[in-house]
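A short write-up of the structure that comes next.
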Amino acid sequence: MKISEPNPNILHIEALRKKFVSDFDRDMLEGITLEQYAMRTGDKKNFCYRLEREQIGMGDIRNATAQKFGIWVRKSTGEYDFTKKYGQTAEEAFSVIRSELCRLVDAGKEDDFNAIRKNMLAPIVRYKILAMYYPDKFLTIHSERHLTYFCKKAGIPYLQDDDELVLQRKLLQWKENQPDIQNQSLLEYVAYLYEHFGVPPTVDKGLAKKKTRLKKLKDDLKAFDGRHVKTHMTEVEVKERSTLVAEIVKERAAGVCQLCNKPAPFFNKKGEAYLECHHVIWIARGGADEVYNAVALCPNCHRKMHILDEKSDVDYLMEIAKG
Ligand SMILES: [Zn+2]
Ligand SMILES: [Zn+2]
């Protein structure tokens, strides 16, 4: 029997991570001061410095400038500089950043993908924080390019629109089915990925982004409606159109159930997040087979709607459907 020795490097990274998370626990973040947060030359105790420089083993984010943190001390002037999207003054900006930071940590705890996606902090910072606080749920790979590279190498189907959260989830599910590595911690798993598949080659960033799948599906529906009169469609055409509506609705949900806000329970063989299309006003009750009357739900929530159809859920989903 092979006894695997603990990797000293990983033990060190994990010890550093634990220290960080206990120094900056959720209660502390609630009241963290600007001084304790912002990067400034000569101070190695602040949140941003430690997240970036001390925790390199948890994913290297040194490439992007201090701007990613929203607020920082400018070396030349010693004054606070900040991203204007957060506010007009340094104090105003920091108060927004602090609350976004707390919200992110809460969203990670709840697996609330929508809240993670809507969070204002820069993606690279967001994903690193998630991996720091929830090392058993989020990978320390923060770049979409690296994540798609590993999916490709491992033969995991992925879609052009998959974001970091979905790609990470796919890699996590793949690990569960690999007997050799399924018991590894996520830090060991990341080390394995880089060792096994190598570092992805750098690519030209100037490549134009292709039309998103959602946009394409919407165009397809428009084209379909241009060719058919809704009141005079054959059964086959009605079905074809219905499939398009369902595809749009599921794509719009981006892998998250629109009622419980939890990620889809699994991916199908094509690599699509498994969700079901539900008509808020049921077709059987005269509801329209249109995007504005449909949502994407996980199988549990879908069942719940068909058994209970509670008014509060219906009202909530109606707003979501109208989007
Ligand atoms: Zn659900
Ligand atoms: Zn339904």
**Prompt:** From the Cα gyration tensor of region 14-116, with a ≥ b ≥ c the square roots of its eigenvalues, which class applies: rounded if a/c is under 1.5, or else prolate if a/b is larger than b/c, or else oblate?
**Reply:** oblate
**Request:** Using only Cα atoms, find the angle between the long axis of helix 186-197 and the longest principal axis of the chain, and express it within 0 to 90 degrees, rounded to the nearest 10.
**Result:** 80 degrees
**Message:** Could you work out the relative contact order of region 177-323? I mean the mean sequence separation of Cα pairs under 8 Å and 6+ apart, divided by the number of residues, in percent.
**Reply:** 18 percent
**Message:** Tell me whether region 134-249 comes out rounded, prolate or oblate; compute the Cα gyration tensor, take square roots of the eigenvalues as a ≥ b ≥ c, and use a/c under 1.5 as the rounded threshold.
**Reply:** prolate
**Message:** Please check: in the Gaussian network model of the chain (C-alpha springs, under 10 Å), which one of LEU217, LEU165, LEU51 has the largest mean-square fluctuation.
**Reply:** LEU217
**Message:** Give me the percent relative contact order of the chain, please, defined on Cα pairs under 8 angstrom at least 6 residues apart.
**Reply:** 11 percent
**Request:** Kindly provide the Kirkwood hydrodynamic radius of region 119-185 in Å, to one decimal, from all pairs of distinct alpha carbon atoms.
**Result:** 12.5 Å
**Fill in**
Between PHE267 and residues 5 or more places away or on another chain, the pairs with built amide H atoms under 5 Å apart involve TYR274
**Item:** Qualifying trypsin sites (Lys or Arg not before Pro) for region 16-113 [loop in DSSP, other Cβ within 10 Å: at most 13]
**Value:** LYS44, LYS45, ARG62, ARG74, LYS75
**Request:** With everything on Cα atoms, drop me the angle between helix 144-154 and the longest principal axis of the chain, reported from 0 to 90° to the nearest 10.
**Result:** 70 degrees
**Complete:** Of every Cα-Cα pair in the chain, the percentage lying beyond 34 Å is 36 percent
**Complete:** Non-local residues with an amide H under 5 Å from the amide H of ALA294, with H modelled 1.01 Å from N and Pro and chain starts lacking one, are VAL280
**Prompt:** With a ≥ b ≥ c the root eigenvalues of the C-alpha gyration tensor of region 213-322, is it rounded (a/c under 1.5), prolate (a/b larger than b/c) or oblate?
**Reply:** oblate
**Prompt:** How many nm separate the modelled label positions at THR202 and MET233, each set 7 Å beyond the Cα in the direction of the Cβ?
**Reply:** 5.0 nm
**Message:** Give me a comma-separated list of calculated 3J(HN,Hα) values for region 276-286, in order, Karplus coefficients 6.51, -1.76, 1.60 applied at θ = phi - 60°, integers in Hz, x for any Gly or Pro.
**Reply:** 10, 7, 10, 8, 4, 8, 3, 4, 4, 9, x
**Request:** Pull up the cross-link candidates among the aspartates and glutamates for LYS109, meaning alpha carbon to alpha carbon under 20 Å and not fewer than 8 places away within one chain.
**Result:** GLU14, ASP23, ASP25, ASP27, GLU30, GLU100, ASP136, ASP163, GLU164
**Request:** Select from GLY31, GLY87, GLY226 the residue whose mean-square fluctuation is largest in a Gaussian network model of the chain (Cα-Cα springs shorter than 10 Å).
**Result:** GLY226
**Fill in**
Footprinting proxy, VAL295, VAL125: sorted fewest to most Cβ within 10 Å, the residues are VAL125, VAL295
**Message:** Can you give me the angle between helix 235-253 and the longest principal axis of the chain, using Cα atoms only, in degrees from 0 to 90, rounded to the nearest 10?
**Reply:** 20 degrees
**Request:** Write out the GluC sites (Glu not before Pro) in region 1-72 meeting two conditions: DSSP loop, and at most 14 other Cβ atoms within 10 Å of their Cβ.
**Result:** none
**Prompt:** How far, in nm, would the chain grow between ASP289 and LYS322 when pulled straight, counting 0.36 nm per residue and subtracting the alpha carbon separation?
**Reply:** 10.6 nm
**Complete:** HN-Hα couplings for region 99-111 via Karplus (6.51, -1.76, 1.60; θ = phi - 60°), in whole Hz with x for Gly/Pro, come out as 6, 5, 4, 5, 4, 5, 5, 5, 5, x, 4, 8, 6
**Message:** Rounded to whole Å, give me the distance from the Cα center of region 104-146 to that of region 244-323.
**Reply:** 24 Å
**Asked** So which GluC sites (Glu not before Pro) in region 215-269 pass both tests, a DSSP loop state and at most 14 other Cβ atoms within 10 Å of the Cβ?
**Response** none
**Cross-link pairs LYS270/LYS322; LYS137/LYS269; LYS262/LYS304; LYS170/LYS311 - those with Cα-Cα distance over 24 Å** = LYS270/LYS322; LYS170/LYS311
**Message:** Relative contact order for region 24-121: what percent, with Cα pairs under 8 Å and sequence separation of 6 or more?
**Reply:** 22 percent
**Fill in**
Highest GNM mean-square fluctuation among MET39, MET28, MET120, for the chain with Cα springs under 10 Å, belongs to MET28
**Prompt:** What fraction of the Cα pairs in region 111-156, stated in percent, has a spacing above 15 angstrom?
**Reply:** 51 percent
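A short reminder: the numbers here are calculations on the coordinates, not readings from a lab. No experiment lies behind these values; they were computed from the predicted model shown. Cβ coordinates were reconstructed from backbone atoms using ideal geometry, including for glycine residues, and neighbour counts include every protein chain displayed.
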